[in-house]
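Peer 1: Below is one structure. I have some questions about it.
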Amino acid sequence: MADLDDIRDGKEYGIGVAQKADGFFLKGSANLDWGMKDRLSRIFNPQTGKAVMLAFDHGFLMGPTSGVERIDLSIVPLIEYADCLMCTRGILRALVPPTSRKPVCLRADAGTTILTEMNDNVVLDPVDAVRLNAAAIAVMVAVGDPETEALTIANLYGAVDSGQEYGLPVMGVTAVGKDMARDARYFGLAARVCAENGANIVKTYYTEGFEKVVACCPVPIVIAGGKKLPELEALELAHNAIQCGAAGVDMGRNVFQSESPVAMIRAVGAVVHQGMKPKDAFQLFNDLKNT
Ligand code: 5RP
């Protein structure tokens, strides 16, 4: 056990100094095997180094929440505008056309719903992920939750072992517990713990001081959108995260609960891949909404 009475806040973040990539476009991924790099290159665009992932795995936790009641009607029309799809195997098999030809980041854990506290998770057999031609698997990690922290870190660890065996990148999804401070210190800790335990991608939340969270995480970070915001604010969130060094977004509600989901995912794409300013992206959203 480390001396917990002398945990000093980090100071040397090297903000503005890019981590060396050594011949591969994604940070921390240069030493991975070919299959891993191929899968990561299907998720992240090698030209921009970024990805717009469309998350619609919410049903595994929340049931048929607003926007995912009928995935065939609400989500399928958005697929062509996403770089990667994030969903569960049930929805993938039932509703996502295999002809979509989009990489899938498969939600690989289960065992928690909104009716209970965070609880024990079961992790998908990686063979099923391979069978589904997943480009990555996603596993939740509840850093700071006394009941489930150790178990979810062990889940991530096991998923990384399987991922190495099958060439499947693993995305560590940082959970936000009810009592945890949602600040750069917490997200910096959670993201780093995921990376230290072998995650190839980390999904977390944008916060003030996010450049430090990104700088200290040696693998690409994507941000969740979180609760539905007005469109301009959601575009600002995406823009700020990209400016701080995020490699993309894995957004759900701010896309599929938008008044115009197609316009919104296209505007988010312009922010992520072209660095479009939020006001211009909002203009783009309004123009597309009215076409
Ligand atoms: C939950 C998830 C969701 O996919 C994630 O929260 C993204 O969706 P949203 O942008 O709606 O927050 O990983 O653990």
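Peer 1: Please find, within region 123-143, the residue that is surrounded by the most Cβ atoms within 10 Å (Cβ to Cβ) out of those that are within 15 Å of the ligand (Cβ to nearest atom) and among the β-branched types (V, I, T).
Peer 2: Checking each candidate, the answer is V141.
Peer 1: Out of contact with any helix residue (DSSP H, G or I) (no Cβ under 7 Å at 6 or more places or on another chain) and farther than 28 Å from N31 by Cβ: which single residue out of A224, A181, A247, A238 fits that description? Write out each step before concluding.
Peer 2: Numbers: A224 fails: farther than 28 Å from N31 by Cβ; A247 fails: farther than 28 Å from N31 by Cβ; A238 fails: out of contact with any helix residue (DSSP H, G or I) (no Cβ under 7 Å at 6 or more places or on another chain).
Selected residue: A181, the only one of A224, A181, A247, A238 that is out of contact with any helix residue (DSSP H, G or I) (no Cβ under 7 Å at 6 or more places or on another chain) and farther than 28 Å from N31 by Cβ.
Peer 1: Filter region 1-58 down to the residues that are modelled with pLDDT under 90 and either buried (at least 20 other Cβ atoms within 10 Å of the Cβ) or hydroxyl-bearing (S, T, Y) (or both) and list them by number.
Peer 2: Passing the criteria: only Y13.
Peer 1: How many residues are in contact with a Ser or Thr (Cβ under 9 Å, 6 or more places away or on another chain) and more than 25 Å from A134 (Cβ to Cβ) when one looks only at region 146-184?
Peer 2: The total comes to 4.
Peer 1: Can you spot a residue in region 263-274 that is in a loop (DSSP other than H, G, I, E, B), over 13 Å from the mean Cα position of the chain (by Cα) and not polar (S, T, N, Q)? So that I can check it myself, show each step before the final result.
Peer 2: Narrowing region 263-274 to residues in a loop (DSSP other than H, G, I, E, B): none.
Within region 263-274, none of the residues are in a loop (DSSP other than H, G, I, E, B), over 13 Å from the mean Cα position of the chain (by Cα) and not polar (S, T, N, Q).
Peer 1: Among the strands (runs of 3 or more DSSP E) contained in region 59-159, which hold 3 or more residues that are modelled with pLDDT of 95 or more, of a type in the set (D, E, K, R) and out of contact with any strand residue (DSSP E or B) (no Cβ under 6 Å at 6 or more places or on another chain)?
Peer 2: Here the list is empty.
Peer 1: Across region 250-284, which residue is surrounded by the most Cβ atoms within 10 Å (Cβ to Cβ) among those that are among the polar types (S, T, N, Q) and within 24 Å of V68 (Cα to Cα)?
Peer 2: Once the filter is applied, the top-ranked residue is N254.
Peer 1: Look through region 46-60, keep the residues that are touching an Asp or Glu at 6+ places or on another chain (Cβ under 6 Å) and either of a type outside the set (V, I, T) or free of Cβ contacts under 8 Å to residues at least 24 places away in the same chain (or both), and return whichever of them is nearest to the ligand (Cβ to nearest atom).
Peer 2: So, considering only residues that are touching an Asp or Glu at 6+ places or on another chain (Cβ under 6 Å) and either of a type outside the set (V, I, T) or free of Cβ contacts under 8 Å to residues at least 24 places away in the same chain (or both), the one nearest to the ligand (Cβ to nearest atom) is A55.
Peer 1: Here is a further query. For region 243-250, indicate whether the set of residues that are within 16 Å of the ligand (Cβ to nearest atom), closer than 20 Å to A175 by Cβ and in a helix (DSSP H, G or I) is non-empty.
Peer 2: no
The values are calculated or read from the model by the stated rules, or taken from the named source; none is laboratory data. It should be emphasised that the depicted structure is a prediction, and the values quoted were computed from it without experimental measurement. Virtual Cβ from ideal backbone geometry, glycine too; neighbours counted across all protein chains shown.
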